[in-house]
Amino acid sequence: MKKTILAAVGAALLLTAPASASDAPKEILNVSYDIARELYAAINPKFQAYWKEKSGQDIEIKQSHAGSSKQARAIMQGLKADIVTFNQVLDVQVLADKGGFVSKTWQQDLPNNASPYYSLPAFLVRDGNPKGIKDWNDLVRDDVKLVFPNPKTSGNARYTYLAAYAYALENNGGDDAKAREFVGKLLSNVAVFDTGGRGATTSFVEREIGDVLITFEAEVENIRTQYGTDKYERVVPQTSLLAEFPVALVQKVAEKRGSVDVSTAYLDYLYSEEAQDIIASFNNRVHNETVKAKYAANFPEVRLIRVEDVFGSWEKANKTHFAEGGVLDQVFTAK
Amino acid sequence: MTVSTSRPAITNPKVLALFRKQARKRALLIAIAITFALIVMALPVIAIFTRAFAEGLAIYWSNIIMPETLHAIWLTVLTALIVLPINLAFGIAASWAIVHYRFPGRRALQTIIELPFSISPIVAGLCYLLIYGSMGLVGSWLDGFDIQLMFNLTGIVLVSLFVTCPFVARELIPLMEIAGQDQEEAALTLGATGWQTFLHVTLPKIKWALLYGAILANARVIGEFGAVSVVSGNIRGETMTLPLQVQLLYDDYNATGAFAAATVLTVIAVITLVLRSAIEARHPHGH
């Protein structure tokens, strides 16, 4: 038992305490980002049935959800994750770079850069789209007020920022100064900077601040379902940024716990038609052709730009734009 | 303030005017206090219950008996059950030592006990992670023995101990300072053992303060969010305490579930409040 004296007392009472790592693991832990709880709660029972049929074993899948950077740090500090399912490539990469929690080749280990599904920053506008928002250039108009979280603290908002930046670069022949001006204007149009996605939703929906909420397309749809599809509309811009949801085996933990087989099977399963269907029903875009065709009506055409193609890599983008004194700080203080 | 009727009636207009002025002042102050209490305290509590029951009793109940919420309730109670006895024992020992003994580091101990009041719980949680996490000073050493302190019940208990550490000692120290140790000394000279002295002499003197401290500490353990959120690991159905569960449900757009869980927290808080008032009524003490 990986428990201390203190916890031993509690563990005796707490009958659900994790079993020790013997031959066949009874449970695995999926450490994930904060808004994926319902999605994985829907996938897990299906996988359990699939795994039971395949291996004859019962498996329980525990879920942990929080901001994915916080989760990555927790894993490095000892949170025993068998697999990670994040919404930030860098948060998986850090697990590969520091301490070898994840294989160096994790992005090649699974299809599509180890990202079973993807999304993009899209717009949520009020019913009837009163400000006529169609694309990124509408967001820098003087009469438009925006809501999205602070890019300093929110991964979600970093996508928005980089998408706008990439859009501006494309439309100004790669002129960096013009792109900075564009995102500067965009930031100055933000009515309120919340620290995270959920706070931004509250500002937009419950406090009725702003004309456009920018967040992942899947989240845009979740908000509409939650607060009324007749009260809000989704606007997908012509171009946006590809937001990957990378997954990986935490080999360091899984090998120790003997859960490599079932954990790998779980990750593979996320690419199966059955799982892809569930994922698509949660408004995430998937690669499986059959599922894609089935949900085609839900996902308008959009041209997606890769962070790697415009900014070199996530690491470079982070360093140039979001580090202390980076471009984000510069355009902010210039205002 | 009531004027006794047996006295002759006051007819002096100046005095009457003064009375009226006082009455007005009184009414104004009472109105301000009540309005403030209503807006700041009562309304939010009413809102919790209104929202929780907005979709009917059946839905409220189904949200309460969700396995994850039940587990969160259990984990919260369990944490309190572990933390409180440790806290009581430590609180008594520390107060006794501080009040009755003179030793190097006594003042430092007194300050350290109060530290959790001035440190933000989130910072406390991060400090624990830095030291007891598997990359931390102590944690990395323990990791060699496959002992994990963070991201499980132990972690939650440890940070809860930290944030509640001052409550019992704070209640006891002033009391013990006033009471002195004459009675204990008398008991000891008359041949009582240390344990007997504690049980029959010390404990009766401090029991109300002890209980009072325990209740405050209990309220704090149950409601603690920041520190626990850092070290819990957020594993649903395993390391989610009630306050974490409330936030999780809210983030999932399950407002009813979140508020239903919040009602449980509120009920515990109200029970605590009632107990506290009852104790204060029976045993009013200095502050």
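Each Lys and Arg Cβ is given +1 and each Asp and Glu Cβ -1; about its Cα centre, the range B:1-52 then shows a dipole of about 280 debye. Among the chymotrypsin sites (Phe, Trp or Tyr not before Pro) within the range B:207-287, not one is in coil by DSSP while having at most 11 neighbouring Cβ atoms inside 10 Å.
Evaluated over the Cα positions of chain A, the convex hull gives a direction-averaged projected area, one quarter of its surface, of 18.6 nm².
Considering every alpha-carbon pair of the range B:89-162, the percent of pairs per 5 Å bin, from zero through the bin containing the longest distance, is 3, 14, 19, 18, 16, 15, 11, 3, 0.
Taking every Cα-Cα distance in the protein assembly as shown and sorting them into 10 Å bins from zero, the calculated P(r) comes out as 3, 13, 21, 22, 18, 11, 7, 3, 2, 0 percent.
Tell me what the protein assembly as shown gives for mean residue ellipticity at 222 nm when only DSSP H runs of n ≥ 4 count, each as -39,500 (n - 2.57), the sum divided by the residue total, rounded to 500 deg cm²/dmol. Mind showing how you got there, number by number?
Working: 31 runs with 361 residues, N = 622.
That comes out to -18000 deg cm²/dmol.
Within the range B:85-193, the trypsin sites (Lys or Arg not before Pro) that combine a DSSP coil assignment with at most 10 other C-beta atoms in a 10 angstrom radius are B:102. In the range A:175-298, the C-alpha radius of gyration followed by the widest Cα-Cα span (Dmax) gives 19.1, 53 angstrom.
Centre-to-centre separation between the Cα atoms of the range B:224-258 and those of the range B:179-216: 41 Å.
May I have the convex hull volume per residue, in Å³, for the Cα set of the range B:1-52?
Working: hull volume 4.5 nm³, N = 52.
In the range B:1-52, the Cα convex hull volume per residue is 87 Å³.
Of the cross-linked pairs A:54/A:256; A:80/A:145; A:134/A:294, which ones have a Cα-Cα span greater than 32 Å in the structure shown? Each step should come with its number before you reach the end.
On the way: A:54/A:256 23 Å; A:80/A:145 43 Å; A:134/A:294 26 Å.
Too far apart for the 32 Å limit: A:80/A:145.
Give the distance, in whole Å, between the Cα centre of the range B:1-67 and the Cα centre of the range A:277-327. Centre-to-centre (Cα) distance: 55 Å. Among B:30, B:16, B:50, flag the residue with its Cα farthest along the positive direction of the charge dipole of the range B:1-52, charges on Cβ as +1 for Lys/Arg and -1 for Asp/Glu. The listed residue farthest towards the positive side: B:16. Give the aspartates and glutamates whose C-alpha is closer than 14 Å to that of residue A:104, dropping any in the same chain fewer than 8 places away, or say none. Within reach: A:91.
Relative to the Cα centre, what is the charge dipole magnitude of chain B, using +1 at the beta carbon of each Lys and Arg, -1 at the beta carbon of each Asp and Glu, and rounding to the nearest 20 debye? Walk me through the intermediate numbers first.
Working: 18 positive and 15 negative charges, 392 e Å.
That gives a dipole near 1880 debye.
Basic side chains Lys and Arg get +1 at the Cβ, acidic Asp and Glu get -1 at the Cβ, and with that the dipole of chain A about its Cα centre reaches some 820 debye. Both radii were evaluated on the Cα set of the range B:217-263; the Rg over Rh quotient, with Rh as the Kirkwood radius, amounts to 0.97. Note on chain B: with a GNM built from Cα contacts shorter than 10 Å, the maximum mean-square fluctuation among B:34, B:222, B:82 falls on B:34. Between B:122, B:222, B:197, the Cα set farthest toward the positive side of the dipole of the range B:57-282 (charges on each charged residue's Cβ, about the Cα centre) is that of B:197.
Would you mind counting up the charge near residue B:133? Only other residues with Cβ under 12 Å from its Cβ, with Lys and Arg at +1 and Asp and Glu at -1.
On the way: positive: A:73; negative: B:143.
Taking every Cβ under 12 Å from that of residue B:133, the sum is 0.
Every number in this text was worked out from the coordinates using simple rules, so none of it is lab data. Here the structure is a predicted model, which means the values were calculated and not measured. Heads up, the Cβs are rebuilt from the backbone with ideal geometry, glycines too, and the neighbour counts pull from every protein chain shown.
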